[in-house]
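The values are calculated or read from the model by the stated rules, or taken from the named source; none is laboratory data. Model, not experiment: these values are computed from the prediction. Cβ placement follows ideal geometry from the backbone for every residue including glycine, while neighbour counts extend to all protein chains displayed.
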Amino acid sequence: MSDRSSLVAASASRLQPGPAGRKPRRMLSPRNIMLYGTLLVAAIYYLIPLYVMVVTSLKGMPEVRLGNIFSPPLEITFEPWVKAWSQACTGLNCDGLSRGFWNSVLITIPSTLISIAVASVNGYALANWRFKGSEVFFTILIVGAFIPYQVMIYPIVIVLRELGIYGTLTGLIIVHTIFGMPILTLLFRNYFAGLPEELFKAARIDGAGFWAIYLRIMAPMSLPIFVVAMILQITGIWNDFLFGVVFTRPEYYPMTVQLNNIVNSVQGVKEYNVNMAATILTGAVPLIVYFVSGRLFVRGIAAGAVKG
Amino acid sequence: MDSRAARRPSRLLRNIPAKIASIPMILTALVIFLGGTVWTVVYSFTNSKLLPRLSFVGFDQYERLWAAPRWIVSIQNLAIYGLFSLIFSLGIGFLLAVLMDQKIRFENTFRTIFLYPFALSFIVTGLVWQWILNPEFGVQSVVRSLGWSTFTFDPLYTSSIVIYGVLIAALWQGTGLVMCLMLAGLRGIDEDIWKAARVDGIPAWKTYLFIIVPMMRGVFVTTLVIIASGIVKVYDLVVAQTSGGPGIASEVPAKYVYDYMFLAQNLGQGFAASTMMLITVAIIIVPWAYLEFGGGRKRV
């Protein structure tokens, strides 16, 4: 039977350019068992931490102490989540992770918008309005992306202190804009350079200037790259720890910093279930962005990683 | 004459909006990236303590740095962590990419699973693995409760192997990215190469090893540079997972810099240590940039 069906398939493929390639194999060949077996084991390894986080956060403390970390909860409780969100302590403050969450929102939204606005205009200028020296600055920018942050942190502290915004949200937003600039500028520059030049020329002849072309032609045509940049920036800024800890005062600490302070605080009894609930809550935003955006996320990190 | 002057102003005044729009980039490039780096290197030769002061002491800070046991441990950790994370993330990433490239079903599901850790921060990664590797409740206790009562797997509280505990977490977080880059590279290989290899009767594994891998040189080098520059920056993961402990066993250079600049208020040491980090990165980047860009220009 399989012979005949493959014959039919072969003759069909001769008639029309259908799916080419080798003949389909049986699902349960040794090769497939090896292949899917390995992939499955790898997938389980990658999923275990997520599973352990969720399971631990749904247990009560007595159960955590008795059971093993991989066993599902006998009695599901959401109390650790409530506690992590509204009561967990960092030092003397006991108002939970919610404060860090809102700080992170207040940091991430303006930082994302401003860094993208600045970098997209930069990329546009580099792609369409080159001037003498523009490539030199761009090269410095790209090379700068490889310099460890630790080298530049203190000079930035001094600059921000001189401007009187050290320790404020504004300062942190500027820092995120600065360090997002290399990769984003590169992303936008390459994208704009790939757009047909005739569009730009036609607009020039019609009398449009720098800003008019950017706002009416370039930006509306580039929605996909703006989305990619947003994904890149939201996850990157939300996950940032170093800049949060260096450039803000404790009352403005982003979620990651607060999470670390809650979990790694030395005082008090360790509540592992609350810690894991807090960890999931902090990871939730980038995870949601990741699952919703899917392929665009991959494109973003590929563009970011390969070139940056 | 006048009208011509109006039409063709001096070079500096041409293209004004583009120059104004580039001010943020120019400031970032010159003041922060170039200026900041030079500033830090210059001040690493001073004995600044609480505040930066320009009183030069030559290489004193560097001598002190290389005499400090904590710095030596940090460098050793970075070397071990760097070497193994390069080998394993390239190896595992490439292997997974090859498996994913076998026209499998559920490719998207597998990709989603392998890559999701990359969306998480190092803090989250570190804390999860701190919990999984917890000796009282984690892997060790689970295996012991299965009957193997002498089983010992306690990397986070054993000085000699703590850096491998960090490595496990880092590989979990980062290999998905390597897999994605490698997969993109594999997909970029011409189908005809495969056909030719098949006609010649070369087994698939040999084709990968001796034909595909050499063809993917560019992808490998880029991935290597990405991983390597990430390795030098490793900081949050260690802070979250071990806080540098037990003792100083899992310290890394980036943490040394932060602690000396902002906690110990010994700026000069911090600057010297960060300059050493800069040199490390330069050793990785300069040959790559030379090969990739300098060499390319010559060929053209």
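Each row is one residue, and each column tells you yes or no for (1) touching a residue at least 60 places away in the same chain (Cβ under 8 Å); (2) within 16 Å of B:GLN102 (Cβ to Cβ).
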residue: B:VAL162; (1), (2): yes, no
residue: B:LEU181; (1), (2): yes, no
residue: B:GLY185; (1), (2): yes, yes
residue: B:GLY188; (1), (2): no, no
residue: B:TRP194; (1), (2): no, yes
residue: B:ALA197; (1), (2): no, yes
residue: B:ILE202; (1), (2): no, no
residue: B:MET215; (1), (2): no, no
residue: B:VAL221; (1), (2): yes, no
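With the structure loaded, tell me whether B:GLY126 is small (Gly, Ala, Ser), within 11 Å of another protein chain (Cβ to nearest Cβ) and assigned to a helix (DSSP H, G or I) or whether it fails that test.
Criteria met by B:GLY126.
Just to be sure before I move on: is B:SER243 within 22 Å of B:LEU78 (Cβ to Cβ), hydroxyl-bearing (Ser, Thr, Tyr), part of a loop (DSSP other than H, G, I, E, B) and in the same structural domain as B:ILE75 (by TED's automatic domain parsing) in the structure I sent? Write out each step before concluding.
Numbers: within 22 Å of B:LEU78 (Cβ to Cβ): yes; hydroxyl-bearing (Ser, Thr, Tyr): yes; part of a loop (DSSP other than H, G, I, E, B): yes; in the same structural domain as B:ILE75 (by TED's automatic domain parsing): yes.
Yes.
Condition test on A:ASN261, is it surrounded by fewer than 20 Cβ atoms within 10 Å (Cβ to Cβ), within 12 Å of another protein chain (Cβ to nearest Cβ) and among the polar types (S, T, N, Q)?
Yes, satisfied.
Quick check on my filter: what residues within the stretch B:221-260 are polar (S, T, N, Q) and within 11 Å of chain A (Cβ to nearest Cβ)?
Narrowing the stretch B:221-260 to residues polar (S, T, N, Q): B:222-223, B:229, B:241-243, B:250.
Passing the criteria: B:THR222, B:THR223, B:SER229, B:GLN241, B:THR242, B:SER243.
What about A:LEU141, is it out of contact with any Ser or Thr (no Cβ under 7 Å at 6 or more places or on another chain), within 14 Å of chain B (Cβ to nearest Cβ) and closer than 30 Å to B:THR125 by Cβ?
no
(1) among the small types (Gly, Ala, Ser); (2) loosely packed, with under 14 Cβ neighbours inside 10 Å; (3) within 26 Å of B:PRO52 (Cα to Cα): which one isn't true of B:GLY247, the others all being true?
(3)
Which number in (1) over 20 Å from the mean Cα position of the chain (by Cα); (2) surrounded by fewer than 23 Cβ atoms within 10 Å (Cβ to Cβ) marks the one condition that B:TYR260 misses?
(2)
Yes/no per residue for (1) assigned to a helix (DSSP H, G or I); (2) closer than 21 Å to B:VAL281 by Cβ; (3) touching a residue at least 60 places away in the same chain (Cβ under 8 Å):
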position	(1), (2), (3)
B:GLY36	yes, yes, no
B:LYS49	no, no, yes
B:LEU65	yes, yes, yes
B:SER85	yes, yes, yes
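Name every residue in the stretch A:144-165 that is within 9 Å of chain B (Cβ to nearest Cβ) and either assigned to a helix (DSSP H, G or I) or out of contact with any helix residue (DSSP H, G or I) (no Cβ under 8 Å at 6 or more places or on another chain) (or both), in order of residue number.
Residues satisfying the conditions are A:GLY144, A:TYR149, A:GLN150, A:VAL151, A:MET152, A:ILE153, A:TYR154, A:PRO155, A:ILE156, A:VAL157, A:ILE158, A:VAL159.
Any residue in the stretch A:216-244 that is assigned by TED's automatic domain parsing to the domain that holds A:THR282 sitting within a Cβ distance under 7 Å of a residue that is of a type in the set (Asp, Glu)? List the pairs, counting only those 6 or more apart or interchain.
A:PHE241/B:ASP236; A:LEU242/B:ASP236
Got a number for residues in the stretch A:35-90 being within 8 Å of another protein chain (Cβ to nearest Cβ) and hydrophobic (A, V, I, L, M, F, W, C)?
The number of residues fulfilling the criteria is 12.
So in the stretch A:76-95, with the set limited to residues that are modelled with pLDDT under 85 and of a type outside the set (A, V, I, L, M, F, W, C), which one is surrounded by the fewest Cβ atoms within 10 Å (Cβ to Cβ)?
Here the residue is A:GLY91.
Whether any residue in the stretch A:237-252 is crowded, with 20+ Cβ neighbours inside 10 Å, facing another protein chain (nearest Cβ under 9 Å) and not in a helix (DSSP H, G or I) is what I want to check.
Yes, some residue in the stretch A:237-252 is crowded, with 20+ Cβ neighbours inside 10 Å, facing another protein chain (nearest Cβ under 9 Å) and not in a helix (DSSP H, G or I).
Restricting attention to the stretch B:249-278, which residues are modelled with pLDDT of 90 or more, of a type in the set (A, V, I, L, M) and outside any helix (DSSP H, G or I)?
B:ALA249, B:VAL252
Within the stretch B:20-39, track down each residue that is facing chain A (nearest Cβ under 7 Å), aliphatic (A, V, I, L, M) and within 13 Å of A:VAL159 (Cα to Cα).
Correct list: B:ILE32 only.
Look at B:PRO17 and say whether it is part of a helix (DSSP H, G or I), closer than 26 Å to A:PHE179 by Cβ, at pLDDT below 90 and within 11 Å of chain A (Cβ to nearest Cβ).
Numbers: part of a helix (DSSP H, G or I): yes; closer than 26 Å to A:PHE179 by Cβ: yes; at pLDDT below 90: yes; within 11 Å of chain A (Cβ to nearest Cβ): yes.
When the stated conditions are applied, B:PRO17 passes them.
List pairs: first in the stretch A:169-182 and more than 14 Å from A:ASP240 (Cα to Cα) and in a helix (DSSP H, G or I), second among the small types (Gly, Ala, Ser) and at pLDDT below 90, Cβ under 8 Å, 6+ apart or cross-chain?
Filtered contacts from the stretch A:169-182: A:PRO182/A:GLY144; A:PRO182/A:ALA145; A:PRO182/A:GLY308.
From the list A:SER120, A:SER104, pick out the single residue that is at pLDDT 90 or above, part of a helix (DSSP H, G or I), closer than 13 Å to A:PHE192 by Cα and more than 8 Å from chain B (Cβ to nearest Cβ).
Details: A:SER104 fails: closer than 13 Å to A:PHE192 by Cα.
Criteria check complete, one pass: A:SER120.
One line per residue, one yes/no per condition, for (1) in contact with a Phe, Trp or Tyr (Cβ under 9 Å, 6 or more places away or on another chain); (2) within 28 Å of B:LEU78 (Cα to Cα):
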{"site": "B:GLY188", "(1), (2)": "no, no"}
{"site": "B:PRO214", "(1), (2)": "no, no"}
{"site": "B:VAL219", "(1), (2)": "no, yes"}
{"site": "B:LEU224", "(1), (2)": "yes, yes"}
